[in-house]
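Below: one structure, written as structure tokens.
The values are calculated or read from the model by the stated rules, or taken from the named source; none is laboratory data. Treat the numbers as computed from the prediction; the structure is a model and nothing was measured. As a convention, Cβ positions derive from the backbone with ideal geometry for all residues, glycine included, and neighbour counts pool all protein chains shown. SASA here: full protein model, heavy atoms, side chains in, ligands and nucleic acids out. Shrake-Rupley method; radii C 1.70, N 1.55, O 1.52, S 1.80 Å.
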Amino acid sequence: YWRFRGMLTEGRVWMKPTLNPEWQAMLPPDLRSAVHFMAGWLAMEQHDIDLATRSGETALEIAREHGDDTGIGLALRLLSLVDSRLGNNDRAIARMQESLVHHRRAGDDDNIAGALTNLAILSLDQAEYERVVEYSTESRAIFTRLGNMYGVSHSVDTMGVALYCLRRFDEALRCSLDSLATDRTLGDPRGIAVSLDHVGKCARALGDLA
């Protein structure tokens, strides 16, 4: 709730009591892991990398102790994104790949698609553009099946960026136009702005300067 509404400080205030030992003792293992995961995610969003790392490691330890594949996958995703922010790209990709394995074991389509999206972005940073297309193609299919059009738009846009970098400009333009249409349907101002920028770059690459 707080994360998606940008109310990060308020979220951390409300989360703090649930991290106390008294609260933790009352929670089942999956919720204990989830609490530490979300506390870590909120901390990461506010650039508190030390707390994000500690929370992710605690969430991972609890989830592994109880064989909770979803919890393991989420904790690894958090730690992977922390690694990425610290510039440790190889470990970030390894952890995200391991996260994907656990989400597949859990049969959790939403988190499978999320991990694939994260892998696509990490691979984009490494200039592994064919991998980006592969990951984005699968994530788009899952998000489409789930009816998550924000996810679909993100996947298609990321694929378009990779195709542009591969100089496959016609395909990249189609992706950017598809993403733009979805963003307009959703009324997503940020998505519209990003997609328009990518459409313009593709058009320029194709010699359409009108």
Residue 67 being assigned to a loop (DSSP other than H, G, I, E, B) and either more than 17 Å from the chain's Cα centre (by Cα) or at pLDDT 95 or above (or both)
yes
Check 87, 73 and return the single one that is modelled with pLDDT of 90 or more and either assigned to a loop (DSSP other than H, G, I, E, B) or over 21 Å from residue 122 (Cβ atoms) (or both).
87
Residues of the range 57-116 satisfying the condition of being within 16 Å of residue 36 (Cβ to Cβ) and of a type in the set (A, V, I, L, M)
59, 60, 62, 63, 72, 74, 75, 76, 78, 79, 81, 82
Taking the condition touching a Leu at 6+ places or on another chain (Cβ under 9 Å), open to solvent by less than 70 Å² (accessible area, probe 1.4 Å) and not charged (D, E, K, R), does residue 159 pass?
no
Where residues in the range 104-123 are touching a residue at least 40 places away in the same chain (Cβ under 8 Å), out of contact with any Gly (no Cβ under 9 Å at 6 or more places or on another chain) and of a type in the set (A, V, I, L, M), which of them is surrounded by the most Cβ atoms within 10 Å (Cβ to Cβ)?
120
Just to verify a result, which residue in the range 54-91, among those that are over 20 Å from residue 112 (Cα atoms) and in contact with a His (Cβ under 6 Å, 6 or more places away or on another chain), is least open to solvent (accessible area, probe 1.4 Å)?
55
In the list 167, 95, which residue meets the criterion of being in contact with a Lys or Arg (Cβ under 8 Å, 6 or more places away or on another chain) and at pLDDT 95 or above?
95
Looking at the range 150-178, I want the residues that are over 14 Å from residue 200 (Cα atoms) and have a partner that is modelled with pLDDT of 95 or more and among the aromatic types (Phe, Trp, Tyr) with Cβ atoms under 7 Å, at least 6 apart or on another chain. Which pairs are those?
151/143; 152/143; 155/143; 162/129; 165/129; 166/129
Look at residue 180 and say whether it is of a type outside the set (Val, Ile, Thr), over 17 Å from the mean Cα position of the chain (by Cα) and crowded, with 18+ Cβ neighbours inside 10 Å.
yes
